[in-house]
Structures are given as structure tokens and as C-alpha cells.
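Comments concern the structure below.
The values are calculated or read from the model by the stated rules, or taken from the named source; none is laboratory data. Being a predicted model, the structure only gives us computed values, none of them experimental. Neighbour counts run over all protein chains shown; Cβ positions are idealised from the backbone, glycine included. Note: accessible area is taken over every heavy atom of the protein model, side chains too, but ligands, DNA and RNA are not part of it. Shrake-Rupley method; radii C 1.70, N 1.55, O 1.52, S 1.80 Å.
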Amino acid sequence: MNDQLSANAESFTWLISNFVGEVHGVEHAIVVSSDGLLLTASRDFPEENAEQLAAIASGLHSLAVGGANLFGKGTCEQLIVRMRGGHLFVMSVSDGSCLAVLSSPAADMKIVAYQMTRLVENVAHALTPQLRSELRDVIGG
């Protein structure tokens, strides 16, 4: 991994890549900060594509959260975009950040959503302001 990362940051990025490797049909995953910045991306996801997905996921997440608030529907937990060539899942992590996952059309959407929920439950506490800052510095630097 990156020599600049602390053990916590390295473990966090490893969990995201491991998620992609272990969940059938998942192709890529990223974590995006509340201000739309890419914090980490799964291994083998080109940085340019990860940055573009971060902008898309952040925008969609913001719209969904705003819509849920506007109509009094509570918090936005997850959104799914079904495309002919696959799916985009976006799930809230903590403090406005989100996890975005691209999957193949063959992926079982229920399993992907369930595994994303488990991942978020396991990593949300680790996404501290210090870790977010470190990940931003490494991605941006």
C-alpha cells in the first residue's frame, strides 16, 4: 500500500479493496467525504475514474439526503441506480460521508446492499476526522 499511510488508514483502505474482492459482482468501491472529496478507492480503480465517481456519488447522496429531509422521510440510508450495465449503490457512512459501489449486472443487489451495510457498520467508527484528513492529504497530495 502507500508508505505515507498510518496503520489505521492502511487498514481502512484494505477493507474497501477486500470488500470488492469478496462480494460477488462488486467491481469497484470508494469512500467520499461530506464535501465530495475522494478519501479512498479500491485497488485497481483508476484514480481519474474514482474522482469522477466521487463527484457523482456526492451529488446523488446530497440530493437524496435533501429530498428525504424536504419530504420528512427521515435519514437517507442508501440509494441504488440501476443501469443497463450494472448498478451504483451509495450508502451513508458517517458525518455526511458515503460509500459508493459499482457492480456488474449479474450482482445480487440484496447481497451487495447487505454486505455494504455490514461494511459501513464495521468501519463508520474508524472514519474519524483525523483519518478523513489523512486520507484527503494522501489522495490530494
- Query: Quick one: with all protein chains in place, what share of the accessible area of region 22-135 is carbon or sulfur, to the nearest percent (1.4 Å probe)?
  - Reply: 54
- Task: Would you calculate, for the chain, the mean residue ellipticity at 222 nm contributed by helices, counting each DSSP H stretch of 4 or more residues as -39,500 (n - 2.57) and dividing by all residues, to the nearest 500?
- Result: -16000 deg cm²/dmol
- Where labels lie 7 Å past Cα in the beta-carbon direction, separation of ASP95 and ALA55 in nm: 2.5
- Query: So what does ARG136 come to for accessible area, using a 1.4 Å probe and Å² rounded to 10?
  - Reply: 80
- Area of LEU70 that stays accessible when all protein chains are in place (1.4 Å probe, Å², to 10): 130
- Task: Express the accessible area of the chain per residue in Å², computed with a 1.4 Å probe while the remaining protein chains stay in the model.
- Result: 55
- Spin-label pair ASN8/SER62, simplified geometry with 7 Å Cα→Cβ offset, distance in nm: 2.7
- Message: Taking only the Cα atoms of region 1-92, how large is their convex hull per residue, in Å³?
- Response: 117
